[in-house]
Amino acid sequence: MSDLPSIEELRHITQPPSVINRPNGEHWMGRLYFRKISPYFTREALRIGLSANQVTYMMIFFGLLGAWSFAFDGLLALLGFLGIQIYLLLDCVDGEVARFKKTEGARGVYLDRWGHYVVEGSIIIAFSLRASESSINGYLVLGLLGSILALLSKIETDLVDSARYQAGFGVMPEKAIKMKSEPLAYGRKIIRYLPFHRVLHAAEASIAGSVAIIIQAITGNSIFSEIFTVWLFSTAAIVAPLHLVSILNSSRLISE
């Protein structure tokens, strides 16, 4: 691509406040460092002529490579952390390429969400494989169930958009997330300050899991992978029903 934009021009075009400041949309790693370095990779993607969807395919590839690397024995499993970091970086780049080329569309959104589903579900199963030492036992079962429950909580979010579309309600207003019940609203505030559910997301799972891998390598005790697998399952088992309750007790599914 000729006449490539400068890094500052890319930041202005592809990182508007509506993207960076969107509620629950921009990950803390994005604000901390990914959005600082992503324009350099976006510029390179534009230079070699990659489309946004092609970058998304790369994102999914590295995400799955990283996720399943966590099942490896020993410190080799730390390749999972590297893979997830590349995955998160490319998750910034694909959107920036789309915004610069003005090619944002439903296909790109669909591919992006599908990628997050399969990567985050795979991480939980990979850690359960590590804990089970690739045997069919309770830890593998917990990992499979945890993956299903974690994906269910993501499905619950996407089903809100689907239900509103089917009912002709249009885009959900930001105020719709407010809880009708005062105790539930208070509980939501607590979770905002103690976001234990974040461990089900690729970024936080890769960090916490890598710590467990390092401690296991130092001590030679597999209990740390086992504890992490139980932690992931327990979190997913709590989050999925609570998330459903929060949706049904808000205005998300009501026309306003």
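Run VAL19 past the list (1) out of contact with any Phe, Trp or Tyr (no Cβ under 6 Å at 6 or more places or on another chain); (2) β-branched (Val, Ile, Thr); (3) buried (at least 18 other Cβ atoms within 10 Å of the Cβ) and report the number of the one that doesn't hold. For VAL19, the exception is condition (3).
Per-residue answers, yes or no, for (1) in contact with a Ser or Thr (Cβ under 6 Å, 6 or more places away or on another chain); (2) polar (S, T, N, Q):
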{"position": "SER128", "(1), (2)": "yes, yes"}
{"position": "ALA131", "(1), (2)": "yes, no"}
{"position": "LEU144", "(1), (2)": "no, no"}
{"position": "LEU149", "(1), (2)": "no, no"}
{"position": "SER153", "(1), (2)": "no, yes"}
{"position": "ASP158", "(1), (2)": "no, no"}
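This table checks each residue for (1) more than 25 Å from LEU75 (Cα to Cα); (2) out of contact with any strand residue (DSSP E or B) (no Cβ under 8 Å at 6 or more places or on another chain); (3) modelled with pLDDT under 90; (4) not aliphatic (A, V, I, L, M).
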position: TRP114; (1), (2), (3), (4): yes, yes, no, yes
position: LEU159; (1), (2), (3), (4): yes, yes, no, no
position: SER162; (1), (2), (3), (4): yes, yes, no, yes
position: GLY170; (1), (2), (3), (4): yes, yes, yes, yes
position: ILE177; (1), (2), (3), (4): yes, no, yes, no
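Within region 154-185, the residues that satisfy the criterion of being part of a helix (DSSP H, G or I) and touching a residue at least 60 places away in the same chain (Cβ under 8 Å) are GLU156, THR157, VAL160, ALA163, ARG164, ALA167, GLU174, LYS175, ALA176, ILE177, LEU184. Those helices (runs of 4 or more DSSP H) of region 1-98 in which 1 or more residues are closer than 30 Å to GLY209 by Cβ, among the hydroxyl-bearing types (Ser, Thr, Tyr) and at pLDDT 95 or above occupy 35-47, 52-69. Among the residues of region 146-153, not a single one is assigned to a loop (DSSP other than H, G, I, E, B) and either more than 14 Å from the chain's Cα centre (by Cα) or touching a residue at least 60 places away in the same chain (Cβ under 8 Å) (or both). Among the residues examined, TYR110 qualifies as surrounded by fewer than 19 Cβ atoms within 10 Å (Cβ to Cβ), free of Cβ contacts under 8 Å to residues at least 24 places away in the same chain and under 15 Å from the mean Cα position of the chain (by Cα). Between GLU182, GLU226, the distinction of being out of contact with any Pro (no Cβ under 6 Å at 6 or more places or on another chain) and surrounded by fewer than 16 Cβ atoms within 10 Å (Cβ to Cβ) belongs to GLU182 only.
The values are calculated or read from the model by the stated rules, or taken from the named source; none is laboratory data. Please read these numbers as outputs of a predicted model, since none were measured by experiment. Here the Cβ is made from the backbone with ideal geometry for all residues, glycine too, and neighbour counts use every protein chain on show.
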